[in-house]
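Data block below; observations after.
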Amino acid sequence: MPDHSIVNTIAARLRQAQASRQTIAPVRGEIAPDDMATAYAVQQVNVDARVAAGERIVGRKIGLTSLAVQKQLGVDQPDFGALFADMAYGDHQPMPLSRLIQPKVEAEIALVLEHDLTHEKHTFADLLRATAYAVAAIEVVDSRIQDWDIRFVDTVADNASSALFVLGSRPVPLSGVDLAACAMTLSRDDEVLSRGNGSACLGNPLNAAVWLADRLVQLGTPLRAGDVVLTGALGPMVAVRQPGTFTAHIEGLGSVRATFTE
């Protein structure tokens, strides 16, 4: 069982880091590298605090879907965090950099659900049936941990290093797109900074979505109709160092733009 004193202390430090836009030292000195339960308990304390303050959960993000990143952090599975309504921006809607600390962007495929996912073990067919549509998305990740010096328990405790997200405006049913084969480019000022494809996300973004659906049922918080699922990065993330617009183009899903302002 997680030590509630440690959980609450770390959660409070992360909340203060977010409020002050000042990073903190990694938390892995206080959470054992393999203590997933404590890391998720810290995350949940801060999720509960946001809900108690009136914020609304609108979905989940999946992180660590790249096998290379998993190897780098010494883990063999993805992680997840909560998405809130005040994290959501529309295509090309200005996002103030003042909300962020050390942001990076990554291109992803988002699924929007039409049905609840409540089975103990889900299949591809369950996800195909439950998904209303897919859209191109850009996730803005950020870390409250100094210099992005993170390992698995650091990012899990920090709500999977989440910050903001932007959804495209071209919804496509899954029958109309090959999620594993679609190519992705992420560019700024016509310079391509990141490339990838759907297979970079655990072989297929639906693999990530199935993992998340199963995990959340185990925790008693299943995915529900209307939820947004950010399935994971399709290529390397890119640091945001100044105002400007990043454009992600995903084959079959069109483009989406993340625009940062002072």
Query raised in the report: Can you give the helix-only mean residue ellipticity at 222 nm for the chain, where every DSSP H stretch with n ≥ 4 adds -39500 (n - 2.57) and the sum goes over all residues, rounded to the nearest 500 deg cm²/dmol?
Result: -8000 deg cm²/dmol
Requested in this report: Could you calculate the FRET efficiency of ASP116 with LEU67 from 1/(1 + (r/R0)^6), where r is the beta carbon distance between them and R0 is 35 Å, rounded to 0.05?
Outcome: 0.70
Report task. Mind giving me the nanometre distance, one decimal, between the label points for ALA239 and GLN22, set 7 Å out from Cα along Cα→Cβ? Result -> 2.2 nm
Report summary line: Sorted on mean Cβ neighbours within 10 Å (highest first), peptides 212-219, 196-203, 118-125 come out as 196-203, 212-219, 118-125
Report summary line: Of 38-48, 252-262, ordering from highest average Cβ density within 10 Å down gives 38-48, 252-262
Query raised in the report: According to the square roots a ≥ b ≥ c of the eigenvalues of the Cα gyration tensor, what is the shape class of the stretch 56-163, taking rounded for a/c under 1.5, prolate for a/b larger than b/c otherwise, and oblate for the remainder?
Result: oblate
**Report entry** Percent accessible area from carbon and sulfur atoms, the chain, protein chains only, probe 1.4 Å
**Finding:** 51 percent
Query raised in the report: Which of the aspartates and glutamates could be linked to LYS121 by a straight reach, that is with a Cα gap under 13 Å, when you skip same-chain ones fewer than 8 residues away?
Result: ASP214
Report summary line: Note on the stretch 107-155: the mean projected area of its alpha-carbon convex hull, in nm², is 5.2 nm²
Report task. Could you work out how far apart the two model spin labels at ASP147 and LEU219 are, taking each label as a point 7 Å from the Cα in the direction of the beta carbon, and quote it in nm? Result -> 3.0 nm
Report summary line: Note on the stretch 1-69: alpha-carbon gyration tensor, axes a ≥ b ≥ c; rule is a/c under 1.5 for rounded, else prolate if a/b larger than b/c, else oblate; result rounded
**Report entry** Approximate spin-label separation ASP189-ASP34, in nm, with each point projected 7 Å along Cα-to-Cβ
**Finding:** 4.8 nm
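The values are calculated or read from the model by the stated rules, or taken from the named source; none is laboratory data. Computed from a predicted model, the values in this text were never measured in an experiment. Cβ atoms come from the backbone with ideal geometry, glycine included; neighbour counts cover every protein chain shown. Note: accessible area is taken over every heavy atom of the protein model, side chains too, but ligands, DNA and RNA are not part of it. Shrake-Rupley method; radii C 1.70, N 1.55, O 1.52, S 1.80 Å.
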